[in-house]
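Just so it is clear, none of the values below were taken in a lab; they were calculated from the coordinates. This structure is a prediction, so every number in the text was calculated from the model and none was measured. For neighbour counting, all protein chains shown are included, and Cβ atoms are generated from backbone atoms with ideal geometry for every residue, glycine included.
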Amino acid sequence: MSDRTSWRAMHEEILNRPGAGAAYEAARIRFELGETVRLRREALGMTQAQLAAACGMQQPAIARFETGGTMPTIVVLERLASALGMRLTVELEPLDRAS
């Protein structure tokens, strides 16, 4: 018999630690926001440097954001959205309806 733990069991154990769920959720949000910006930037044929210039940021900040490395403020999200020809929408929904 093996003493090894499956990834699923290990994942559940880690997420059951105090505070881990909130950290996981924050990482998910950062990743999804960054991915959305990256996909839109690429669809528009923009480079990170062009996006940075359009919203008054530096290219390394765009790179960090797109990889989920930073949690942006609403002001930064508004600047990014404007530079990408998008509108920022923020919603709150009951947890029992959240996916």
Problem - Single residue of 48, 58 found to be over 15 Å from the mean Cα position of the chain (by Cα) and surrounded by 15 or more Cβ atoms within 10 Å (Cβ to Cβ) - result: 48
Practice task
Just name the residue that is surrounded by the fewest Cβ atoms within 10 Å (Cβ to Cβ) out of those in region 65-99 that are acidic (Asp, Glu) and either over 27 Å from residue 21 (Cβ atoms) or touching a helix residue (DSSP H, G or I) at 6+ places or on another chain (Cβ under 6 Å) (or both).
Solution key: 78
Problem - Residues satisfying the stated conditions in region 58-78, i.e. in contact (Cβ under 8 Å) with a residue 24 or more places away in the chain and either in contact with a strand residue (DSSP E or B) (Cβ under 9 Å, 6 or more places away or on another chain) or not in a helix (DSSP H, G or I) (or both) - result: 67, 68, 69, 70, 71, 72
Practice task
Filter region 41-52 for residues that are over 15 Å from residue 76 (Cβ atoms) and assigned to a helix (DSSP H, G or I) and give the result.
Solution key: 42, 43, 49, 50
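Suppose the filter is of a type in the set (A, V, I, L, M), in a helix (DSSP H, G or I), exposed (fewer than 14 other Cβ atoms within 10 Å of the Cβ) and touching a residue at least 24 places away in the same chain (Cβ under 8 Å); does residue 29 pass it?
Yes: the conditions hold for residue 29.
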